[in-house]
Structure formats: structure tokens, C-alpha cells
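What follows is one structure encoded as C-alpha cells, with my remarks underneath.
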Amino acid sequence: MNPDSSAPTLAHAAEIRRRKVFADVQCAFWKEEPSLRDALFLFDPESIPAVYVVPNFISEGYFTQTVVPRELELNGGTTKRSNGQIWRYCDPVGNHPMMTKLLLRRAREIAPGVPENEATLLIVAHGTDLNENSAVAAKREAEKIRALGKYATVLNVYMEEPPLVSDWRKLTKTSNVVVVPFFISDGLHSYEDIPVLLGIAVAAGVDRGRPGSAPPATRSHGEVFRRNPYKIDNRSLFYAPSIGTDSGFADIIIEQALNAKS
């Protein structure tokens with residue numbers, strides 16, 4: 001539905017490839033090519049005896065626990081193929097301790113002149129009833145950042161389960177609100193769905209309160225991130241790109257693979 005959804009994964013893979021940490025680096029996707037099934041044939045067992053699978057997902061959930069292992073024919077953390085190749089299944093990137101640092105950096109970048117102790121930080125995740133673990137990562141990161149005492153308030157909010165991001169006006173009290181989508185890529189959720197729920201845009205990407213706005217077909221998706229701060233009810237709302245677009249994800253992917261190796 002959105003060609004930008006795979007862009008961060010491809011960019012991080014290119015960076016890891018450039019560093020020459022591994023003999024080869026490839027990507028596989030659930031709804032794009034090459035598919036997860038194709039990944040079974042990407043690496044020659046004669047020259048590559050071990051493959052590390054790092055799920056580029058924010059949290060443990062339905063895809064990391066069910067879909068990826070099924071499609072890649074993985075049996076737990078270590079799988080030995082009939083050709084002798086060893087495949088190691090790593091933790092998803094969202095579980096890495098460095099995620100907290102990246103979230104704080106993204107929040108500072110999007111609202112550089114705002115004192116943190118005068119702002120609320122909202123970490124927005126999807127939330128789903130498919131797997132209760134899908135909301136855990138955002139809650140964990142919010143708790144870790146809250147414990148640092150930097151922001152006046154730190155909340156984990158969701159698109160599809162309470163506390164809802166659409167209730168941000170009721171949930172927050174500060175005059176400054178910083179919103180960081182806890183997603184891997186900038187797609188329909190970050191470009192349109194969350195902005196609509198926040199009240200900074202209406203469906204189809206036409207800005208609320210901005211008569212004459214260009215229709216979505218003629219506007220850059222990234223424009224929603226460049227209009228900060230949004231003034232709503234005498235408050236300033238700062239909206240960041242998804243955390244998965246941060247270049248630091250390349251470091252996390254490498255570390256997750258090396259952690260599995262050890």
C-alpha cells in the first residue's frame with residue numbers, strides 16, 4: 001500500500017553492507033519482494049555456513065512469533081537446515097536497550113528549543129488484539145524514559161487500544177507535547193492515520209484549519225513532519241517521523257545478530 005514502508009530496512013541493510021561486518025546482507029519482506037520464503041534460497045551454504053535473522057520489528061508479537069518463524073521454517077533460536085546451514089533467530093530490534101536512547105534523541109531533534117521538563121512525551125504504537133505483546137514494547141520504553149525524570153510526563157498511547165492517542169488532549173496537561181511514532185517506517189500510519197487521530201490533519205491528508213491545502217497527490221508525505229509545531233488549543237504539538245527511520249537502527253541490527261552469535 002505504501003512503497004516507503006520498506007525504505008528504512010533497505011537503507012539500514014545498505015549501511016551494514018557498507019561496513020563489511022558480514023559476508024552478505026539481504027532483506028526479505030512479508031508483502032514485498034524478495035519474500036520471506038525467498039530468503040531460504042538467498043545464501044549459498046557452501047560459502048555461508050551461518051545466517052542470522054534479525055526481525056526489523058518494534059516488538060514481539062504475531063509476526064515475530066508466528067509468521068516469520070513459519071515462513072522461514074525456523075525451529076526456535078537455532079535451526080539446522082538439511083544442507084548443514086545454521087540459521088539463528090535473533091530478538092527483534094525493538095527489544096534492544098539502545099531503543100531508549102534513540103527515542104530520546106528523536107524527541108530532542110523534533111523539539112530542540114523546548115525544555116523537556118515543560119513537555120509531555122507521547123510514544124505512539126499500534127496496539128492490537130492479535131497478540132497482547134504488541135503493546136508491551138511501547139509501555140516498556142515509556143517506563144524507562146519516565147524513570148529518567150527528564151520529561152514532565154511520558155505516556156505510551158495507541159491507535160487501537162487504550163490509552164488512545166486520539167485522547168491526547170485529555171491525557172496531557174503541559175503546553176508542549178512531543179509525539180514520536182514507535183513504528184519501523186513512515187507509512188500510512190505516520191503520514192495520515194496518526195495525524196488524523198491527533199487532529200493535525202483530516203482523512204486523505206488535507207490539513208485541518210488550512211483552507212486551500214493541496215490534495216495529497218501533489219504534496220510530499222514528509223510535509224506533515226516539517227510543519228512543527230502545530231498549534232492546537234493554545235498548545236504546541238511536535239510530531240516526529242517514525243523511530244525506525246533513525247540511522248542508529250543499523251547499529252541495533254548488528255548488535256542483535258552478534259548477541260545471538262554469543
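Against the chain, whose longest principal axis is taken from its Cα atoms, helix 7-19 shows a tilt of about 50°.
In order along segment 28-38, the phi-based Karplus estimate (6.51 cos²θ - 1.76 cosθ + 1.60, θ = phi - 60°) of 3J(HN,Hα) comes to 9, 10, 7, 10, 9, 9, x, 7, 4, 5, 4 Hz; Gly and Pro are listed as x. Charging the Cβ of each Asp and Glu at -1 and of each Lys and Arg at +1, and nothing else, the dipole of the chain about its Cα centre rounds to 780 debye.
Positive end of the dipole of segment 15-79 (Cβ unit charges, origin at the Cα centre): among Phe41, Phe22, Tyr62, the Cα lying farthest that way belongs to Phe22.
For the chain, the Stokes-Einstein estimate of translational diffusion at 25 °C and a viscosity of 0.890 mPa s comes to 125 µm²/s, using the Kirkwood hydrodynamic radius over alpha-carbon pairs. Phi angles across segment 93-110 convert, under the Karplus curve 6.51 cos²θ - 1.76 cosθ + 1.60 with θ = phi - 60°, into 3J(HN,Hα) values of 4, x, 7, 6, x, 5, 4, 4, 4, 5, 5, 5, 5, 5, 5, 5, 5, 7 Hz, Gly and Pro given as x.
Its Cα centre serving as origin, segment 73-198 has a Cβ charge dipole (Lys and Arg +1, Asp and Glu -1) of approximately 580 debye.
Each stretch of four or more DSSP H residues adds -39500 (n - 2.57); spread over every residue of the chain, this sum gives -7000 deg cm²/dmol at 222 nm. Near Ala119, the amide H atoms lying under 5 Å from its own belong to Ala152, Thr153; only residues 5 or more places off or on other chains count, and H is placed 1.01 Å from N. For segment 1-80, the mean projected area of the C-alpha convex hull, equal to one quarter of the hull surface, is 5.9 nm². Assuming charge only on the beta carbon of Lys and Arg (+1) and of Asp and Glu (-1), the dipole of segment 1-154 about its Cα centre is about 520 debye to the nearest 20. Each Cα pair under 8 Å and six or more residues apart adds its sequence gap; the mean of these over the residue count of the chain is a relative contact order of 21 percent.
Averaged across orientations, what area in nm² does the convex hull of the alpha carbons in segment 24-126 project? Approximately 8.4 nm², given one-decimal rounding.
Taking 21 Å as the cut-off for C-alpha to C-alpha distance, list the pairs among Lys144/Lys170; Lys173/Lys231; Lys20/Lys261; Lys170/Lys231; Lys101/Lys144 that go past it.
Where the Cα-Cα span goes over 21 Å, the pairs concerned are Lys144/Lys170.
What translational diffusion coefficient, in µm²/s and rounded to a whole number, does the Stokes-Einstein relation yield for segment 94-173 at 20 °C and a viscosity of 1.002 mPa s, taking the hydrodynamic radius as the Kirkwood radius over Cα pairs? Result for D is 164 µm²/s. Relative to the longest principal axis of the Cα atoms of the chain, helix 136-148 runs at roughly 60 degrees. For the chain, the solvent-accessible area with a 1.4 angstrom probe is 50 square angstrom per residue.
Each of Val114, Ala240, Val53 was scored by the projection of its Cα onto the charge dipole of the chain, and the greatest displacement toward the positive side belongs to Val114; charges sit on the C-beta of Lys, Arg, Asp and Glu.
The values are calculated or read from the model by the stated rules, or taken from the named source; none is laboratory data. Quick caveat, the model's predicted, so the values are computed rather than measured. Neighbour counts are summed over all protein chains in view; Cβ atoms, including those assigned to glycine, are modelled from backbone coordinates with ideal geometry. The area values use the complete protein model at the heavy-atom level, side chains included, leaving out ligands, DNA and RNA. Shrake-Rupley method; radii C 1.70, N 1.55, O 1.52, S 1.80 Å.
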